[in-house]
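One structure is given here, and the rest of the page talks about it.
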2 protein chains.
Amino acid sequence: MDGERAPVMADVARIAGVSHQTVSRVLNDHPNVRDRTRERVLAAVRELGYRPNAAARTLATRRTRTLGVISFNTTLYGPACMLYGIEQAAREYDYFVTVAAVGTLDRRSVLDAVDRLRNQGVAGIVVIAPQTAAVGALANVPKDVPLVAVGCGAHTALVSVAVDNEAGAGLATSYLLDLGHRTVHHLLGPRTWLDAQEREAGWRAALEKRGAPVPEPLAGADWTARTGYEHGRRIADDPGVTAVFCANDHMALGLLRALQQAGRRVPEDISVVGFDDMAETEYFGPSLTTVRQDFDELGRRALHALIEIVGDPDSGIPASGRRPHIVIPPSLVVRASATRPRHRTESPT
Amino acid sequence: MDGERAPVMADVARIAGVSHQTVSRVLNDHPNVRDRTRERVLAAVRELGYRPNAAARTLATRRTRTLGVISFNTTLYGPACMLYGIEQAAREYDYFVTVAAVGTLDRRSVLDAVDRLRNQGVAGIVVIAPQTAAVGALANVPKDVPLVAVGCGAHTALVSVAVDNEAGAGLATSYLLDLGHRTVHHLLGPRTWLDAQEREAGWRAALEKRGAPVPEPLAGADWTARTGYEHGRRIADDPGVTAVFCANDHMALGLLRALQQAGRRVPEDISVVGFDDMAETEYFGPSLTTVRQDFDELGRRALHALIEIVGDPDSGIPASGRRPHIVIPPSLVVRASATRPRHRTESPT
DNA sequence: TCCAAGAATGTGTGCGCTAACAATTCGTCA
DNA sequence: TGACGAATTGTTAGCGCACACATTCTTGGA
């Protein structure tokens, strides 16, 4: 293909008139290289357009500067953002990121992804795969593979970085209750997701704490606008529902749409609150009150945690610290989709 | 850290009672290995939990099985999907994918990303960075780096895989014209994006072909719902506008919202068509008629193109073929957001 | 029975780099 | 001026694997 082979360290050494080891020293910022020598070497490097061979370095040092990311579906807003945050942070530490997407979330796929990444020789892995099954499978991974789970809820055996789902759900639920709603219905995410479970728990806890009745949560949704829509049609027919907390924004969108089609007004007839604060929620009809989670930050924090475990000699971070769970507080973004109920049935203020 | 070192080929060889070379043969599916020997080797591999050292293999073979992806913003729907498609396809060919996200799109960032990837020794690069600036910068990359641009419009000097933006825009525009609109307004994407340019060209061509007046396109938007919203407020005040073709779905969402707030009904008063067909468009209010592009497929095709250039010996694909541009036809997805104009001002059918 | 051709396996070497150690140079103080 | 220690540079030996070649073992036909 290409005429001549890429220059190697020996070539640089010859041109600079030094030994290859000196070149290595310059490239790795070792002390005890005379300034003049260093400059000669760097000049030679530039002249040749030399670039070190990563594989050779890896082989010699027995350590890679690449990290793996396993992601269930990078197409979803949250995972996509987290991936972005991870990559950003990795760059700062001078690590590469290789991704392994898994199509389905059975144990096998997940373990398979772990395997592929290990074959490539990654130094550690961040998992964006918030399902219970995935987490279960991950528990079987040999402990010599540094592993951090991100956005997967906090109740896992793994080192994890996550938003505080329960607190977020509590925020949303309390907000609706404060508005004067007698109770708040909940459009569940898929129960196989830890986030969904935790949000449900937070919702339930908030209700119970306030002594509000706890209605049966609306189950069977899968995070998509489509299932939100389907539930919305049913809710529209139920005059008892005045407030709905949706486990994510996509479903809220579908719900909003169904209610609108059925002639139920939001927020006048029914208040809706979502979760995630994806970029477009502000422009839903009406703009959606939702719980914001900073996915970017989540990704970054996950990477930091991983680096900390891997132990980056260049950053002076000890390879020791054990920090099982990092929890990031979410915040409520108030927009137009929720308000006080029109016909207050009790407790007039 | 871990007590003993990972097993190497020699360990396997010893246990299986063969030479390391035979182990290598088994692992690389070479012919001329007796079945019994192969089994002994594989048993030893399993027993030891041996996994080949990728770095060593790379060093010895002088070729990596990793590909790089440069992406401007994996947070957007399109790029996220393409990345997913790329990873999927890469896995089939047994390649790894490492991502390099760039925050801004100046030449420097892009070239920087290329550099990082080359340092890591990737065999080739897929670029998801549809801006003119990026493409310009890429033209400077040494030609010995296999490079494929994806979703960046077709008018580039690079090997590219893209949806046919002009055809898609034509589809949308003609559809609105066929409905009876006198003309179609266009909410432009950012002019620095090739997709935006091509969509504008397609819109303009369709209009001219039909002899319809060509209004000044609505400029200054940036793909986000926010700018779509801003333009929407202005459009709402303009009774002359009966049909709008938006350069993407996000902007269409903002537009829809603004129109609704202003009391203009869609599609009765104004018809709207988008571009992309992202997952939620069906649940916009009203559900959006849009031009679908199959991002996933785009990503997969890009990867195939790259593999073809890189030349994968294991797949029997020759390292020769030059295929500058691959264009994928888009399709129109008809939903509720567009209809015939209410007050037809001319050409009664 | 023997030999040639081919199948099956083993041996040696180098990929490009870093780590450990050896050798050299330099400065400085007695 | 000489010598000693620190700073600087060079030398050697792998890291784990695949390739080229050498060697041994099977066949099958004369």
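Restricting attention to region A:15-28, the residues that are of a type in the set (A, V, I, L, M) and either without any contact (Cβ under 8 Å) to a residue 24 or more places away in the chain or within 11 Å of DNA strand D (Cβ to nearest atom) (or both) total 4.
Applying the condition of being more than 9 Å from every other protein chain (Cβ to nearest Cβ) and surrounded by 19 or more Cβ atoms within 10 Å (Cβ to Cβ) to region A:91-102 and asking which residue is nearest to B:V122 (Cα to Cα) yields A:Y95.
Select from region B:29-47 the residues that are within 14 Å of chain A (Cβ to nearest Cβ) and either at pLDDT below 95 or more than 11 Å from DNA strand D (Cβ to nearest atom) (or both) and list them in ascending order.
B:R46
Given the criteria touching a Leu at 6+ places or on another chain (Cβ under 7 Å) and under 27 Å from B:A56 (Cβ atoms), does A:V114 qualify? So A:V114 fails the test.
Taking the listed residues A:V110, A:V69, A:V12, A:V114, the one that is more than 9 Å from DNA strand D (Cβ to nearest atom) and at the interface with chain B (Cβ under 9 Å from one of its Cβ atoms) is A:V69, with no other qualifying. Here the condition is being surrounded by 13 or more Cβ atoms within 10 Å (Cβ to Cβ), free of Cβ contacts under 8 Å to residues at least 24 places away in the same chain, near DNA strand D (Cβ under 8 Å from one of its atoms) and at the interface with chain B (Cβ under 10 Å from one of its Cβ atoms); of A:A56, A:A60, it holds for A:A56 alone.
Among the residues of region A:284-297, just one is surrounded by 24 or more Cβ atoms within 10 Å (Cβ to Cβ) and part of a helix (DSSP H, G or I), namely A:F295. Within region A:151-168, not a single residue is open to solvent by 10 Å² or more (accessible area, probe 1.4 Å) and more than 17 Å from A:V327 (Cα to Cα). Kindly establish whether B:L105 is more than 13 Å from chain A (Cβ to nearest Cβ), buried (at least 19 other Cβ atoms within 10 Å of the Cβ), modelled with pLDDT under 95 and more than 12 Å from DNA strand C (Cβ to nearest atom). So B:L105 passes the test.
Helices (runs of 4 or more DSSP H) fully within region A:1-102 that include at least 2 residues being within 9 Å of DNA strand C (Cβ to nearest atom): A:9-16, A:20-27, A:54-61.
Quick test for you: out of A:V184, A:V122, A:V141, pick the one residue that is outside the structural domain of A:N248 (by TED's automatic domain parsing) and modelled with pLDDT of 90 or more. Give the derivation first.
Values: A:V184 fails: outside the structural domain of A:N248 (by TED's automatic domain parsing); A:V141 fails: modelled with pLDDT of 90 or more.
Just one listed residue meets the conditions, A:V122.
Would you be able to say whether some residue in region B:105-128 is under 19 Å from the mean Cα position of the chain (by Cα) and part of a loop (DSSP other than H, G, I, E, B)? Yes - at least one qualifying residue is present in region B:105-128. Scanning for something open to solvent by 20 Å² or more (accessible area, probe 1.4 Å), among the hydroxyl-bearing types (S, T, Y) and touching a residue at least 12 places away in the same chain (Cβ under 8 Å), does region B:132-144 turn up at least one residue? Yes, the conditions are met somewhere in region B:132-144. When residues of region A:180-204 are filtered for being open to solvent by 30 Å² or more (accessible area, probe 1.4 Å) and in a helix (DSSP H, G or I), how many remain? The qualifying residues number 3.
A:R51 - would you say it is within 9 Å of chain B (Cβ to nearest Cβ) and open to solvent by 60 Å² or more (accessible area, probe 1.4 Å)? So A:R51 passes the test.
The values are calculated or read from the model by the stated rules, or taken from the named source; none is laboratory data. As the structure is a prediction and not an experimental result, all values here were calculated from the model. When we count neighbours, we look across all protein chains shown, and the Cβ atoms used for this are built from the backbone with ideal geometry, even at glycine. Each accessible area value is taken on the protein alone, full model and side chains, heavy atoms only, with ligands, DNA and RNA left out. Shrake-Rupley method; radii C 1.70, N 1.55, O 1.52, S 1.80 Å.
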